[in-house]
1. When residues of region 84-97 are filtered for being out of contact with any helix residue (DSSP H, G or I) (no Cβ under 8 Å at 6 or more places or on another chain) and either assigned to a loop (DSSP other than H, G, I, E, B) or surrounded by 17 or more Cβ atoms within 10 Å (Cβ to Cβ) (or both), how many remain?
2. Residues Phe14, Phe55: which one is out of contact with any Asp or Glu (no Cβ under 8 Å at 6 or more places or on another chain) and among the aromatic types (Phe, Trp, Tyr)?
3. Go through region 157-172 and report how many residues are surrounded by fewer than 17 Cβ atoms within 10 Å (Cβ to Cβ) and hydrophobic (A, V, I, L, M, F, W, C).
4. If only one of Asn101, Asn68 is at pLDDT below 95 and either touching a strand residue (DSSP E or B) at 6+ places or on another chain (Cβ under 7 Å) or loosely packed, with under 14 Cβ neighbours inside 10 Å (or both), which one is it?
5. Only one of (1) closer than 24 Å to Lys39 by Cβ; (2) in a loop (DSSP other than H, G, I, E, B) fails for Thr110. Which number is that?
6. Condition first: closer than 30 Å to Phe84 by Cβ and either in a helix (DSSP H, G or I) or in contact with a His (Cβ under 7 Å, 6 or more places away or on another chain) (or both). Now tell me which residues in region 158-188 satisfy that.
7. Mind checking which pairs have a first residue in region 165-188 that is within 16 Å of Ile42 (Cα to Cα) and a second that is assigned to a loop (DSSP other than H, G, I, E, B) and at pLDDT below 95, Cβ under 8 Å, 6 or more apart or different chains?
8. Can you tell me which residue among Phe72, Phe76 is within 26 Å of Ser12 (Cβ to Cβ) and either out of contact with any His (no Cβ under 8 Å at 6 or more places or on another chain) or charged (D, E, K, R) (or both)?
Amino acid sequence: MNTQTYAEIINSKFDKDRFASLVTSLGDQLNDRKDRFDKSDIIEQSFEVYSDGFFEWVDGIGRDHRDNENGFDLEFKYMANGLFTRAKKNPKKTITVKVKNSLGQDKGTTIDNPADYYVLAQQDAMAVMSYAEIEPYLVSVPDGIEARIPFDALNFVYTPQDVCLHLNEGIDYKQIKAEAQRKLINLF
């Protein structure tokens, strides 16, 4: 299957408005060091939830989701304003995304057992690339491997113009998390 066809499948199975509304409503509340894993889990799980389970969240090494119908493994990479600029929504000339973290060891640009597709998302846009398409853009950095992708190489699932936001600015994630922790604590 070619990547543009797969981008169309993702678009048909995924509720982009709910995703964009969630991520935009959360804003930067989860950018503190202690909250980044929660942010990643929320964003990755929302890809499963907003596709009605089509993209199963597997949370594995080098793959975050499984498309069981088509037999593909997907790695999900979120970057705030990573595809388009924040204010004017202009395309970025080059998309830079960390595709592998080596925890401080330079291991070249080889990814063992890569995912079939890499989903690149920001709060209101999403693109997809196969591993074969992303591989020529891999660059070794001191703590892992980055992809430095020309904008024109991306296959877009949707762009900011395609999204209708329904914001909920009353979300206080830290309060919700504290209440869930207290609920757990009080079970004992």
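1. So the count comes out to 6.
2. Phe14
3. Result for region 157-172: 4.
4. Asn101
5. Here Thr110 meets the rest and fails (1).
6. Listed by number, the residues that qualify are Pro160, Gln161, Asp162, Tyr173, Lys174, Ile176, Lys177.
7. Ile171/Gln29; Asp172/Gln29; Tyr173/Gln29; Tyr173/Leu30; Lys174/Gln29
8. Answer to the check: Phe72.
The values are calculated or read from the model by the stated rules, or taken from the named source; none is laboratory data. What you are looking at is a predicted structure, and each value in this text was computed from that prediction instead of being measured. Positions of Cβ are backbone-derived with ideal geometry, glycine not excepted, and every protein chain shown enters the neighbour counts.
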